Amino acid sequence: MARKKIIAGNWKMNMTPSEAVELINTLKPLVKTEDADVVFCVPAIDIIPALEAVKGTNIEIGAENMYYEEKGAYTGEISPAMLTDVGVKYVIIGHSERREYFAETDETVNKKVLKAFEHGITPIVCCGETLTQREQGVTMDFIRQQVKIAFLGVTADQAKTAVIAYEPIWAIGTGKTATTEQAQEVCGGIRRCIAEIYDEATAEAIRIQYGGSVNAKTAPELFVQPDIDGGLVGGAALKPDFGQIVNWK
Ligand code: PEP
């Protein structure tokens, strides 16, 4: 069965709650589609007003992060139950900005992925190489390690429902998109890695996004690739362009 595309916006640390509602009202009519799952991953404080604003639409609301403990003395963190209690279905885990600025490691990513599944939240698991790693020719080795550790202890049935976002770090927020060949090569490599960890059925089911300066112009050529099942979109998710990206066909 063909995999349904999933196109998610990563709002990062942008949009106050009132701005979020305004943006959603602008984007609502533009992102209508039956061909793809559409997710807006928004800052924690925007989640509740965003959920209210998307009622009756095809838009799902996701979180940008979550902690791996159930509750307790973890000042500033958001628990999985806090997300599910209000109706959040997706959470971005291990975005490169969290790895770089907030000390996320492959191990914390794995803990968060396991916890998300425990609570029925779909993780969007991010991986991606630096420019140096690409130049050193170790891209796939590095990404295979990230993926293998992220999925430790995850069952095949859980993995089938997961989303992996391949985001070369050198392409995030830089205006530099990986070429379609580069993006397809790594997304195909990730699918083979999943087949090795699990089996062909799991590899066929899991959805793999490309992320890194995706825009309305580059989306169609990326999304038509056999192993690219949509995108994780930063900057362009805050603009009407996101409607064109979602309706890329
Ligand atoms: C991202 O933040 O996940 C991202 C891909 O950002 P941008 O589209 O702005 O490069």
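Looking across segment 123-137, the residues that are of a type in the set (Val, Ile, Thr) and within 16 Å of the ligand (Cβ to nearest atom) come down to 124, 125, 130. Scanning segment 67-90 for residues that are in contact with a His (Cβ under 9 Å, 6 or more places away or on another chain) and within 17 Å of residue 50 (Cα to Cα) yields 83, 84.
Does residue 34 meet the test of being free of Cβ contacts under 8 Å to residues at least 24 places away in the same chain, exposed (fewer than 14 other Cβ atoms within 10 Å of the Cβ) and not polar (S, T, N, Q)? Answer is no for this residue. Looking across segment 87-102, the residues that are surrounded by fewer than 21 Cβ atoms within 10 Å (Cβ to Cβ) and closer than 21 Å to residue 56 by Cα come down to 87, 89.
For (1) closer than 27 Å to residue 89 by Cβ; (2) within 16 Å of the ligand (Cβ to nearest atom); (3) free of Cβ contacts under 8 Å to residues at least 40 places away in the same chain, each residue gets a yes or a no:
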{"site": "162", "(1), (2), (3)": "yes, no, no"}
{"site": "168", "(1), (2), (3)": "yes, yes, no"}
{"site": "177", "(1), (2), (3)": "no, yes, no"}
{"site": "195", "(1), (2), (3)": "yes, no, yes"}
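Any idea which residue in segment 164-196 is modelled with the highest pLDDT, counting only those that are outside any helix (DSSP H, G or I) and more than 16 Å from the chain's Cα centre (by Cα)? Restricting to residues being outside any helix (DSSP H, G or I) and more than 16 Å from the chain's Cα centre (by Cα), the top hit is 179. Which one is nearest to residue 143 (Cα to Cα), of the residues in segment 59-96 that are among the acidic types (Asp, Glu) and not in a helix (DSSP H, G or I)? Residue satisfying both the conditions and the ranking: 64.
The values are calculated or read from the model by the stated rules, or taken from the named source; none is laboratory data. From a predicted model like this one, the values you see are computed outputs, not experimental measurements. Note that each Cβ is placed from the backbone with ideal geometry, even for glycine, and that neighbours are counted across all protein chains shown.
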